[in-house]
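Scroll down for the structure; my scribbles are underneath it.
The values are calculated or read from the model by the stated rules, or taken from the named source; none is laboratory data. Just so it is clear, the structure is predicted and the values come from calculations on it, not from any experiment. Every residue, glycine among them, receives a Cβ derived from its backbone with ideal geometry; neighbour counts consider all protein chains shown.
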Amino acid sequence: MEFSWLSDPFYQSYLLEGFINTLLLVIVSAAGGLALAITLALARLKGPRPLAWCIHGFTTVMRGTPLLVQLFFFYYGVGRLLEGIPGIQESLIWPVLRDPFFYGALTFILSVGAYSGEVIRGALISVPPGEREAGRAFGMSPTQVFFRLWLPRAIQLCLPTLTGEMILLLKSIPLVSTIAMMDLLQAANIIRDEMFLVYEPLMLIAGIYLAMTVVLTLVLRQVEQRFPGMRPTRGRRLIPGRA
Amino acid sequence: MNYNLIAASTLALLTLSTTGQAAEPLQIGISAEPYPPFTYTSSDGDWTGFEVELGLAFCDAMNRECEIKPTGWSGIIPSLKDGRIDMIMNSMSITEARQRVIDFSDPYYFTPGAYVAAKDMAFTPPDDLDGQVLGVQSATTNATYARRALRDSGAEVRLYDQAEQVNRDLLSGRLDVILADQIAMQELVERDAAADFEIKGKAPHHSAYGEGVGLGLRPDDDALQADLNDAIEDVFEEGTCTDLSNEYFGTDICT
């Protein structure tokens, strides 16, 4: 075992860059993916029939094809279509469109949206309809019922599953090293190429991923425990002034 | 008794081969697997190519007779040590690891990295790299050079697994400039799809690229090493190497 490269600032800067990019990509993909998941779940339950069918098809395709294939599809396939649009290379959004980060985030958002969308849809169905009717009886609008009652109750039900989805997302990030993005795996590959060491840099990034997963699990456990309705509400007056 | 006989005959053979070496043709070991355009078999079955012709030119300069001897690449260093061949001449880069086992002649060719960018882009490397997106293939000398020498140039370096991915992203505009082996880049800019692209310059000599390609020799063959280095100098001065290089690659790779 040879770990002398750890003290080399040259490799440290690549590892740090890879770590920051990995973190950024997880945050962007998780936020975008969950927002998409809620939208897809709601549209499948309440949207017009043709829209629900389209979403069903999208979910089937995204869940039925390998993530790496999707990444290549978006980077090399869709990316190629985009760059063919006249004038786009001079436009303001081109710096974003030519960056592999965009294609990585796009792929992961769609993937998280498809997987978590199904989880959330199942959870939404599991909320007893009587609770929603109770909300309506209190005079809430359908939008209020959704955001104040239905969705929070559904998320309560599926939070542990969503935590698992986020951990899977985190561990899918090294795939972006194949589309020329500097992530932790690419940083490890640089050390491999220059130092002729294979296992040591891989062990380091495996350790970093393990640590990130542990931190993510702890954070999400806190979220699970603090989420409204997850703790016993003894002694709390649910409806001020009425109880 | 049998052992004695074998020992005696081996000894005799050894003596024969050492005394007869001056008259014996030198064996130039090349890879048995063709490596065009450096070494390959022509349509009539003879070995030819840039390095075959150049090697024979070295022999002419030394006034020695030489034979081309194809040898499996992975076993080519043991073959040299065993004496089945006298030199290795097949694009073998002079590296520290190899120098621990064998000796090398002076380098006879060197392919630096070449920058390719769009024709209409005003670009002189390395000064104009600031703010540009530079693509290289990972695990190559060019990647090492880009990381080590171009670190403060302001370029954003992107690493790809395959050379063709780098080329493709240059042609599609996602990369501003790429840095790759000069011979490969020569081939790239000749493609129809790359009509708007050209070689903008070469990377200078840098430790990342090593010292170039030399002939591999047995460490105790000092006389041959000295003769070869003289021959390389002569052949270079005559311009034979440059002529051959232009013929095969359209550019001068002789150091």
Next on the checklist: Exactly one condition in (1) modelled with pLDDT of 90 or more; (2) part of a helix (DSSP H, G or I) is false for B:K69; which is it?
Outcome noted: (2)
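Hey, among B:S105, B:S93, which residue is modelled with pLDDT of 90 or more and either farther than 26 Å from A:S91 by Cβ or away from chain A (no Cβ under 12 Å) (or both)? I'd like the intermediate steps shown before the answer.
On the way: B:S93 fails: modelled with pLDDT of 90 or more.
Selected residue: B:S105, the only one of B:S105, B:S93 that is modelled with pLDDT of 90 or more and either farther than 26 Å from A:S91 by Cβ or away from chain A (no Cβ under 12 Å) (or both).
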Next on the checklist: When the residues of the range B:158-180 are narrowed to those that are of a type in the set (D, E) and under 17 Å from A:F72 (Cβ atoms), which ends up farthest from the other protein chains (Cβ to nearest Cβ)?
Outcome noted: B:E164
Item to check | Any hit, the range A:95-104, residues being surrounded by fewer than 14 Cβ atoms within 10 Å (Cβ to Cβ) and within 14 Å of chain B (Cβ to nearest Cβ) | outcome: yes
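In this structure, does A:L168 turn out to be within 14 Å of chain B (Cβ to nearest Cβ) and not in a loop (DSSP other than H, G, I, E, B)?
Details: within 14 Å of chain B (Cβ to nearest Cβ): no; not in a loop (DSSP other than H, G, I, E, B): yes.
No, not satisfied.
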Checklist outcome for this item: Across the range B:89-127, the tally of residues that are touching a residue at least 24 places away in the same chain (Cβ under 8 Å) and either within 15 Å of B:G210 (Cβ to Cβ) or in a loop (DSSP other than H, G, I, E, B) (or both) stands at 27
Checklist entry - Since B:D196 meets every condition but one in (1) over 17 Å from B:A114 (Cα atoms); (2) exposed (fewer than 15 other Cβ atoms within 10 Å of the Cβ); (3) in contact with a strand residue (DSSP E or B) (Cβ under 9 Å, 6 or more places away or on another chain), which condition does it not meet? => result (1)
Item to check | For B:P219: the one exception among (1) in a helix (DSSP H, G or I); (2) assigned by TED's automatic domain parsing to the domain that holds B:E51 | outcome: (1)
Next on the checklist: Filter the range A:50-103 down to the residues that are of a type in the set (S, T, N, Q), in a helix (DSSP H, G or I) and free of Cβ contacts under 8 Å to residues at least 24 places away in the same chain and list them by number.
Outcome noted: A:T60, A:Q89
Checklist entry - Is one or more of the residues making up the range B:149-158 of a type in the set (K, R) and closer than 30 Å to B:D230 by Cα? => result no
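Condition test on B:A184, is it in a helix (DSSP H, G or I) and modelled with pLDDT under 90?
Values: in a helix (DSSP H, G or I): yes; modelled with pLDDT under 90: yes.
So B:A184 passes the test.
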Checklist outcome for this item: Note on A:W5: of the conditions (1) modelled with pLDDT of 95 or more; (2) surrounded by 15 or more Cβ atoms within 10 Å (Cβ to Cβ), unmet is (1)
Checklist entry - If you go through the range A:193-209 one residue at a time, how many are within 14 Å of chain B (Cβ to nearest Cβ) and assigned to a helix (DSSP H, G or I)? => result 4
Checklist entry - Yes or no: B:A155 within 14 Å of chain A (Cβ to nearest Cβ), under 28 Å from A:I85 (Cβ atoms) and crowded, with 21+ Cβ neighbours inside 10 Å? => result yes
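Looking at the range A:132-155, can you tell me whether even one residue there is away from chain B (no Cβ under 14 Å) and within 24 Å of A:M212 (Cβ to Cβ)? Show your work before the answer.
Applying the first criterion (away from chain B (no Cβ under 14 Å)) to the range A:132-155 yields A:132-155.
After this cut, where a residue has to be within 24 Å of A:M212 (Cβ to Cβ) as well, the list is A:155.
There is at least one residue in the range A:132-155 that is away from chain B (no Cβ under 14 Å) and within 24 Å of A:M212 (Cβ to Cβ).
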Item to check | A:E90, sole failed condition from (1) exposed (fewer than 12 other Cβ atoms within 10 Å of the Cβ); (2) in contact with a Lys or Arg (Cβ under 9 Å, 6 or more places away or on another chain); (3) among the charged types (D, E, K, R) | outcome: (2)
Checklist entry - How many of the residues making up the range A:124-138 are surrounded by 13 or more Cβ atoms within 10 Å (Cβ to Cβ), free of Cβ contacts under 8 Å to residues at least 60 places away in the same chain and aliphatic (A, V, I, L, M)? => result 2
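Just for the range B:128-150: of the residues that are over 28 Å from B:F50 (Cα atoms), free of Cβ contacts under 8 Å to residues at least 40 places away in the same chain and touching a helix residue (DSSP H, G or I) at 6+ places or on another chain (Cβ under 8 Å), which one is farthest from the other protein chains (Cβ to nearest Cβ)? Explain how you work it out, then say what you get.
Keep residues of the range B:128-150 that are over 28 Å from B:F50 (Cα atoms), which gives B:128-135, B:146-150.
Then drop every residue that is not free of Cβ contacts under 8 Å to residues at least 40 places away in the same chain, which leaves B:128, B:130-131, B:146-147, B:150.
Next cut, touching a helix residue (DSSP H, G or I) at 6+ places or on another chain (Cβ under 8 Å) only: B:130, B:147, B:150.
Numbers: B:D130: 15, B:R147: 7, B:L150: 13 Å.
Applying the filter and picking the extreme gives B:D130.
Which of the residues belonging to the range B:183-203 are touching a helix residue (DSSP H, G or I) at 6+ places or on another chain (Cβ under 8 Å) and closer than 20 Å to B:D161 by Cα?
Filtering the range B:183-203 down to residues touching a helix residue (DSSP H, G or I) at 6+ places or on another chain (Cβ under 8 Å) leaves B:183-184, B:186, B:188, B:193-194, B:197-199, B:202-203.
Result: B:I183, B:A184, B:L188.
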